[in-house]
Amino acid sequence: MEVIKLRGEYIKLGQALKAAGFVGSGTEAKEAVIEGFVTVNGEVDTRRGRKLYRGDIVVFHGEEIKIED
C-alpha cells in the first residue's frame, strides 16, 4: 500500500495517481480514471479532479493508495 501525506486539505485523484508512481503523466491519469480503472473508497470514480481527503483509499489495478495527514 502506498501512503500519500497531504500537504493541504486535499489532493486531487489524478495528482495522487502520479504521486504514487502509478502513472507517468496527467494524461495517463486522465485515461485511467475515465476508463473506470480507479476506485475511491470501493466505488468507481471517473472524475480526475475528485478531491481526496484523509482516510480515502484509492485502488488502481489492485494497488492501493491511502491518503493521510
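The values are calculated or read from the model by the stated rules, or taken from the named source; none is laboratory data. Source: prediction; values computed, not measured. Neighbour counts run over all protein chains shown; Cβ positions are idealised from the backbone, glycine included. Keep in mind that these areas ignore ligands, DNA and RNA; they rest on the heavy atoms of the full protein, side chains included. Shrake-Rupley method; radii C 1.70, N 1.55, O 1.52, S 1.80 Å.
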Q) Rounded to the nearest 10 Å², what accessible area does GLU63 show when all protein chains are kept and the probe is 1.4 Å? A) 100 Å²
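Once the other residues with Cβ under 9 Å from the Cβ of PHE22 are scored (Lys, Arg +1; Asp, Glu -1), what is the net sum? The partial results should precede the final answer.
Numbers: positive: LYS18; negative: GLU2, GLU28, GLU63.
Neighbour charge sum, excluding PHE22 itself: -2.
Across the chain, how many lysine pairs separated by 8 or more positions, or lying on different chains, have Cα atoms within less than 12 Å? Spell out each step's value before the answer.
Working: LYS5/LYS66; LYS12/LYS30; LYS12/LYS51; LYS18/LYS30.
For the chain, qualifying lysine pairs total 4.
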**Q.** Solvent-accessible area per residue, Å², over the chain with all protein chains present [probe radius 1.4 Å]
**A.** 62 Å²
Q. Two-decimal Rg/Rh of the stretch 1-52 from alpha-carbon positions, Kirkwood Rh?
A. 0.93
Q: Grab the other residues whose beta carbon is less than 15 angstrom from that of VAL38, score K and R as +1, D and E as -1, and report the net.
A: -1
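Using the Cα centre of the chain as the reference point, and only Cβ charges (+1 on K/R, -1 on D/E), how large is the resulting charge dipole? Debye, rounded to the nearest 20.
Numbers: 11 positive and 12 negative charges, 67 e Å.
For the chain, the charge dipole is close to 320 debye.
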Q: Please calculate the 1.4 Å probe accessible area of THR39, with all protein chains present, and give it to the nearest 10 Å².
A: 40 Å²
Q | Order of exposure, largest accessible area first, which applies to ARG48, ARG7, ARG54 with probe 1.4 Å | A | ARG7, ARG54, ARG48
Q) Which value, in Å² and to the nearest 10, is the accessible area of PHE22 when all protein chains are kept and the probe is 1.4 Å? A) 50 Å²
Q: Kindly work out what percent of the DSSP beta bridges joining two residues of the chain are antiparallel, to the nearest 5.
A: 75 percent
